[in-house]
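Student: Let me give you the structure first, and then I'll get to my questions.
The values are calculated or read from the model by the stated rules, or taken from the named source; none is laboratory data. It should be emphasised that the depicted structure is a prediction, and the values quoted were computed from it without experimental measurement. As a convention, Cβ positions derive from the backbone with ideal geometry for all residues, glycine included, and neighbour counts pool all protein chains shown. Keep in mind that these areas ignore ligands, DNA and RNA; they rest on the heavy atoms of the full protein, side chains included. Shrake-Rupley method; radii C 1.70, N 1.55, O 1.52, S 1.80 Å.
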Amino acid sequence: MNRDENRLILKISQGVGNSKLKDIGLLFLYLSVILEIVIVIIDKSNYINPIEGQLFRVTFLLAAVKVLLTKYTKKEWTWLIAFGLLGLVSYKITGRNEILRIIVFIAACKNVDMRRILKLVFYTTLSGCMILVLLSVSGIYGGVALVADFGRGYVQTRYCLGIGHPNALHCMFLMLLSLGLYLYNDRMKWYYYIILFLLNYGLFALTDSNTGMLMSICVIAGAVVVRYWKSLRAQPWVYAAGVAVFLFCVLFSVMVADSRVAQPTNYWFANPWVAEVESHLNGRIIDLYYGSVNQEGTTATWSLFSVPENDYYFDMGFVRLFYWYGIIPAIVYIVLQVLLIWQLYRKRDVMGLVMIVVFAIYTVVEAHLVSVYIGRNYILFLMGMYMSEMLCLEDEKEAHIWNLWKLPRRNSVKL
């Protein structure tokens with residue numbers, strides 16, 4: 001057997017070995033995603049999960065195996081280590097491991113058909129929610145409705161159908177609606193949108209969740225516009241407008257959390273604009289100032305990397321982002337979202353833009369996406385899909401971590 005034949009056999013054997021490693025890594029990622037969704041469903045039920053922290057460690061390890069079995073460029077390894085250090089600093093200072101888990105999950109999404117993963121997320125979440133609804137209405141497990149004063153000054157009956165709270169029920173509808181339209185909008189018939197609108201209105205009659213209903217209308221309307229106005233997907237001003245809306249939502253959240261700007265006095269606001277907005281938010285902003293002894297969530301409680309004591313729960317998502325994780329991690333996340341929108345423009349992924357903009361507006365008043373649950377935040381999946389391209393880290397030369405030293409020192413980057 002000559003030298004060329006030996007080389008050919010070696011290449012074939014290496015290819016087969018790499019293929020097996022890729023398949024094994026993909027299996028571990030699927031298991032990690034499924035377990036993350038199961039944890040989300042359990043959280044939405046009335047059951048208190050006593051081993052939630054241990055399950056998060058399992059999902060982290062599963063995703064980490066996928067990372068170890070995946071080839072990356074030197075630049076990708078460099079950025080992965082840099083982000084990992086950020087997550088490690090956050091963990092050591094605050095005791096929160098979410099940033100580390102998110103970084104490993106996003107890295108694990110390389111060389112994966114993310115639309116297939118998102119379909120798995122969609123159908124698993126939908127099935128889990130339907131099971132909770134059926135268990136509640138059949139009287140087996142979970143409450144059907146809540147009777148209380150929901151901050152509106154009067155007692156009312158609102159339906160939750162086994163998903164904890166009426167707002168949480170409509171929130172899950174919004175999330176599934178957004179993800180479903182992201183995956184299937186190009187196949188939608190005109191009357192499907194009418195059906196979705198009627199479903200949204202019917203659910204609103206049960207939940208009386210104004211925010212969930214209005215945001216659901218926005219995502220349906222956005223889907224209709226981009227479905228039938230196809231030239232929009234290539235228009236840079238559309239994505240620039242998306243960035244502007246996103247940044248406005250962040251800046252508004254910072255403004256209302258700053259007492260020097262919001263000017264709270266006697267359970268109300270001297271600032272007329274903030275007062276007008278608060279009149280429609282059922283106490284969400286005022287809760288930052290009078291919901292706790294130390295005005296938890298206001299800018300007075302923010303720091304560069306937060307502190308372990310910052311664990312107070314409130315509804316405003318972007319404020320919670322700064323409060324729970326610190327100013328530096330929050331800014332990094334915001335910058336990555338802006339880069340993600342730019343990547344959506346490059347890929348003409350306009351439905352992804354619709355989803356991000358609706359989620360940004362929703363996160364001003366609700367904190368569903370800012371949580372310990374990766375399976376809640378579909379934006380993380382989009383980041384996993386586009387991260388290498390977002391940061392211009394792609395290269396022809398890739399290697400597993402144990403072969404990293406074999407890569408050449410200088411790599412050409414595809415822009």
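Student: Please work out which option in [x] 26.6; [y] 20.5; [z] 23.1 gives Kirkwood radius over Cα pairs in Å calculated from these coordinates, and answer with its label.
Tutor: Recomputing Kirkwood radius over Cα pairs in Å here gives the entry labelled [z].
Student: With every protein chain present, what accessible area does residue 57 have (1.4 Å probe, heavy atoms only), rounded to the nearest 10 Å²?
Tutor: Approximately 140 Å² of residue 57 is accessible to the 1.4 Å probe.
Student: Between residue 75 and residue 138, what FRET efficiency follows from the Cβ-Cβ distance if R0 is 56 Å, with the result rounded to 0.05?
Tutor: Values: r = 54 Å, r/R0 = 0.96.
Working from the Cβ atoms, E equals 0.55.
Student: Also, quick follow-up: Mind telling me which of 81, 361, 341 comes out most flexible in a GNM of the chain, alpha-carbon contacts under 10 Å?
Tutor: So, out of 81, 361, 341, the one fluctuating most is 81.
Student: Report the FRET efficiency, 1/(1 + (r/R0)^6), for residue 51 and residue 127, where r is their Cβ-Cβ distance and R0 is 25 Å, rounded to 0.05.
Tutor: Working: r = 22 Å, r/R0 = 0.88.
After rounding to 0.05, the efficiency reads 0.70.
Student: Same structure again: How much length would be gained if the chain were fully extended between residue 270 and residue 199, taking 0.36 nm per residue of separation minus their Cα-Cα distance, in nm to one decimal?
Tutor: My answer for the length gained is 21.6 nm.
Student: Between 0 and 90 degrees, rounded to the nearest ten: what's the tilt of helix 236-257 against the longest Cα principal axis of the chain?
Tutor: Once rounded, the angle reads 50 degrees.
Student: Could you compute the longest span of the chain free of chymotrypsin sites (Phe, Trp or Tyr not before Pro) located in DSSP loops and having at most 10 other Cβ atoms within 10 Å, not counting the site residues? Intermediate values should be presented prior to the final figure.
Tutor: Values: sites that count: 154, 267.
It works out to 1-153.
Student: Additional query: Taking GluC sites (Glu not before Pro) as candidate sites, keep only those in a DSSP loop with at most 11 other Cβ atoms within 10 Å, then name the longest stretch of the chain containing none of them. Spell out each step's value before the answer.
Tutor: Details: sites that count: 309, 396.
Between the exposed loop sites, the longest stretch runs 1-308.
Student: How large, in percent, is the carbon and sulfur part of the accessible surface of segment 93-195 at a probe radius of 1.4 Å?
Tutor: With neighbouring chains kept in place, the figure for segment 93-195 is 64 percent.
Student: Can you tell me the FRET efficiency between residue 19 and residue 58 if r is taken as the Cβ-Cβ distance and R0 is 25 Å, rounded to the nearest 0.05?
Tutor: Details: r = 26 Å, r/R0 = 1.04.
FRET efficiency, residue 19 to residue 58: 0.45.
Student: State, to one decimal in nm, how far the label point of residue 300 lies from the label point of residue 30, with both points 7 Å from Cα in the Cβ direction.
Tutor: In this crude spin-label approximation the distance works out to 5.3 nm.
Student: Taking only protein heavy atoms and a 1.4 Å probe, what accessible area per residue, in Å², does the chain have with all protein chains in place?
Tutor: I get 49 Å² per residue for the chain.
Student: Per DSSP H run of at least 4 residues, take -39500 (n - 2.57); add these up for the chain, divide by its residues and hand me the 222 nm value, nearest 500 deg cm²/dmol. The partial results should precede the final answer.
Tutor: Values: 16 runs with 268 residues, N = 415.
The per-residue figure over the chain is -21500 deg cm²/dmol.
Student: To continue, here is another question. Among the listed pairs 20/110; 71/119; 22/75; 75/119; 20/66; 74/110, give every one whose C-alpha distance is greater than 18 Å.
Tutor: As for pairs spanning more than 18 Å Cα to Cα, those are 71/119; 22/75; 75/119.
Student: Roughly how many percent of the accessible protein surface of segment 236-394 is carbon and sulfur, given a 1.4 Å probe and a whole-percent answer? Spell out each step's value before the answer.
Tutor: On the way: 3920 of 6130 Å².
Carbon and sulfur atoms account for 64 percent of the accessible area of segment 236-394.
Student: Here is a follow-up. Multiplying the sequence separation of residue 229 and residue 154 by 0.36 nm and subtracting their Cα-Cα distance, what value in nm do you get? Provide the component values of the computation, followed by the final result.
Tutor: Values: separation 75, 0.36 × 75 = 27.00 nm, distance 4.40 nm.
In short, 22.6 nm is gained.
Student: Percent relative contact order of the chain, based on C-alpha pairs within less than 8 angstrom and at least six residues apart?
Tutor: 19
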